1. Hey, which of the helices (runs of 4 or more DSSP H) in the range 1-75, taking only ones fully inside, have at least 1 residues that are surrounded by fewer than 16 Cβ atoms within 10 Å (Cβ to Cβ) and modelled with pLDDT under 90?
2. For GLY192, are the conditions met, namely being assigned to a loop (DSSP other than H, G, I, E, B) and under 17 Å from VAL140 (Cα atoms)?
3. Looking at THR150, THR139, THR185, can you tell me which residue is part of a strand (DSSP E or B), in contact with a strand residue (DSSP E or B) (Cβ under 9 Å, 6 or more places away or on another chain) and open to solvent by 60 Å² or more (accessible area, probe 1.4 Å)?
4. Scan the range 208-233 for residues that are open to solvent by 30 Å² or more (accessible area, probe 1.4 Å), in a strand (DSSP E or B) and under 30 Å from LEU127 (Cβ atoms) and jot them down.
5. Answer yes or no: is there a residue in the range 268-284 that is in contact (Cβ under 8 Å) with a residue 12 or more places away in the chain, surrounded by fewer than 13 Cβ atoms within 10 Å (Cβ to Cβ) and of a type in the set (Gly, Ala, Ser).
6. Kindly list, by first and then second residue, each pair from a residue in the range 301-326 that is in a loop (DSSP other than H, G, I, E, B) to a residue that is loosely packed, with under 15 Cβ neighbours inside 10 Å and hydrophobic (A, V, I, L, M, F, W, C), limited to pairs with Cβ atoms under 8 Å and residues at least 6 apart or on different chains.
7. Could you go through the range 159-171 and let me know if any residue there is among the aliphatic types (A, V, I, L, M) and either in contact with a Lys or Arg (Cβ under 6 Å, 6 or more places away or on another chain) or free of Cβ contacts under 8 Å to residues at least 12 places away in the same chain (or both).
8. May I ask you to verify whether ARG205 is within 30 Å of HIS266 (Cα to Cα) and open to solvent by 60 Å² or more (accessible area, probe 1.4 Å)?
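The values are calculated or read from the model by the stated rules, or taken from the named source; none is laboratory data. These numbers come from a predicted model, not from an experiment. All Cβ positions, even for glycine, are placed from backbone atoms using ideal geometry, and neighbour counts span all protein chains on display. Side chains included, ligands, DNA and RNA excluded: accessible areas come from the protein's heavy atoms. Shrake-Rupley method; radii C 1.70, N 1.55, O 1.52, S 1.80 Å.
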Amino acid sequence: MATMAKRCYYEVLSIKREASEKEVATAYRKLALKYHPDTNPDDESAMEKFKEAAEAYEVLADAEKRARYDRFGHNAGESYGSQFQDADDIMEAFGSMFGDLFGGGGGRRGGGRRVRKGQDVRADLKLELEEAARGVTKTVEFPRNKKCATCAGSGAKPGSSKTMCRYCAGHGQVVQSAGFVRVQTTCPQCRGAGATITDPCSDCRGNGVVQEKVSKPVAIPAGIDDGMRVRIAGEGEPSPDGGPPGDLYCFVSVRNHRLFQRDGQHLILRMPITYSQAALGCTLEVPTLDGPHELKIPHGTESGEVFRLRGKGLADPHGRGGKGDLHVQTFIEVPKKLTPKQRELLSELAELEHANVTPHRKTFFETIKEYFSPSDAPGTPGKASGKKTEE
């Protein structure tokens, strides 16, 4: 029997080729709800359409795959969709689009409750720039829930037990029908636990957890930047139903430095120099995060010039490259107060500068003089051309 040719993905989702990402998702959601096996039990044709819609969405929702498909059609990737053997595979891939529909997405349709991961927790940490540059191990403190020792996390008073939830018959989920669509949601009575507590534990008040204050050492990688976070797996809240614990996220903030300004992996240092140092040149000892470093300033350096010290910046916190650079920006510092001797020497220098004007300055001052001087040249400021313009 001949295999049926694949339909155009845009035709499958009933959208135009210029459809936006949102329109692609909306179209797929409608078809998935329409042809989901829970809505169409024992209907093989509905299952095939459900898989066909998922295959089309898997390609058109990905910008790179969509571009290849637009250019080459189905020849761009015959393997698209082969991963979807049944509805469970599809819900694993795209179930997050549906929220609590059909069991909350990502969960299996075998009737059992989903095992949930514990809640993540947050800790905040402030670092000095030097600590962020070199990497450091810091101890953070944060509140976290732990399993109640009195009731072993059950929430029920020792000697008592939980009672099966009558509202959902112990499934933790309830199904509501709306026409041909069935919507499965978390049971409002037991909140997905499948059981209720009639005699709660006095220590945890039926929650199964009590709060504790935790101290944990956290290794901060060298080069970490302000606003980044470090994840410590398994140090979050315990799962409410036997799943894995959550994670600890340590949010890092780096204090401003009194000398250096940070730009990614690079550092910027504004370094004052005197007029004589700029004119004659000199060797300066500039600060770096690794200690003092000599920097040669050539004669004739102008204010605002930038000198780069390679490798004197910060490391890549992801370990993908070397260190950044230190950019030293010089600026000429003009003294606000002068000693009599300084005033005398600067006056002599001013007279010498006036007597020995450089060609560049001479050309500039001549241009200014010509600009403001009367001239017969048309359009020159200072004097009319003498020609009358009639309108």
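1. Because the criterion is at least 1 residues that are surrounded by fewer than 16 Cβ atoms within 10 Å (Cβ to Cβ) and modelled with pLDDT under 90, the helices (runs of 4 or more DSSP H) in the range 1-75 that meet it are 21-35, 44-60, 63-72.
2. no
3. THR139 is the lone residue from the list that is part of a strand (DSSP E or B), in contact with a strand residue (DSSP E or B) (Cβ under 9 Å, 6 or more places away or on another chain) and open to solvent by 60 Å² or more (accessible area, probe 1.4 Å).
4. Of everything in the range 208-233, those that are open to solvent by 30 Å² or more (accessible area, probe 1.4 Å), in a strand (DSSP E or B) and under 30 Å from LEU127 (Cβ atoms) turn out to be GLN211, GLU212, LYS213, SER215, LYS216, PRO217, ALA219, ARG229, ARG231, ILE232.
5. no
6. Between residues of the range 301-326 that are in a loop (DSSP other than H, G, I, E, B) and residues that are loosely packed, with under 15 Cβ neighbours inside 10 Å and hydrophobic (A, V, I, L, M, F, W, C), the close pairs are SER303/PHE331; GLY304/PHE331.
7. Among the residues of the range 159-171, at least one is among the aliphatic types (A, V, I, L, M) and either in contact with a Lys or Arg (Cβ under 6 Å, 6 or more places away or on another chain) or free of Cβ contacts under 8 Å to residues at least 12 places away in the same chain (or both), which makes the answer yes.
8. It is false that ARG205 is within 30 Å of HIS266 (Cα to Cα) and open to solvent by 60 Å² or more (accessible area, probe 1.4 Å).
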